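Working notes for the structure below.
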Amino acid sequence: MRKRIGTCLLAVLMLAALTIPAFAADAPKIVNVDESKCVTTVADADKGTLSVKVQGPQSGAQYLIYILNDAKGVPTESTIKYIDQNGTGVFVPYPKDQSGTYYIFVTSSTDTRFDSKNYVATVEYQSSGTLGDVNGDGKVNSIDALWVLQSAAKSRTLNETQQFAADVNKDGKVNSIDALWILQVAAKTRTL
């Protein structure tokens, strides 16, 4: 009976070796900030969120933030990656897609003109590894889970990029839970 369980487990691991596309996780880099209009910082590098604060918000004004993937274009369904509105002028945007360069625009109810040449900051999302793809072969599979287990057992040393890719549950540790999640991703029972 134990031999059959072992054989079944081996079969599951072999099936898990069938690869799926890797899941990218990017860390934002803020450049070209117009600090006379907004203070833009990274709020949470792991999540890719930013912090955008309007300089000297006016009482009673409403603020609208757009994050576009095209500095020259007009806001459209295909170019808007994030949009929000509030009366405080403080935003924590999280652009969808998170790859490439984005342009942050902020307008207010006191100045409703949208000027595509007048963005307040540029954000570049640079890949810092691929969640789950510990060995860097472009696939998330049982080999990645094995590397995580070896790292947890101190029989394999991971570099910084590999550690980022290995910590799929983002708890700051590389352990058997991460290996389990990687196997679940490879078996298509979990998404990251």
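The values are calculated or read from the model by the stated rules, or taken from the named source; none is laboratory data. Computed from a prediction, not measured in an experiment: that's the story for all the values here. Cβ placement follows ideal geometry from the backbone for every residue including glycine, while neighbour counts extend to all protein chains displayed.
Summary of values
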{"item": "Close pairs from the stretch 51-66: first in the same structural domain as VAL120 (by TED's automatic domain parsing), partner modelled with pLDDT under 80 and assigned to a strand (DSSP E or B), Cβ under 8 Å, at least 6 apart", "result": "SER51/VAL42; SER51/ALA43"}
{"item": "Flag for THR130 being loosely packed, with under 15 Cβ neighbours inside 10 Å and among the β-branched types (Val, Ile, Thr)", "result": "no"}
{"item": "Residue match in the stretch 70-82 (condition: part of a strand (DSSP E or B) and at pLDDT below 80)", "result": "no"}
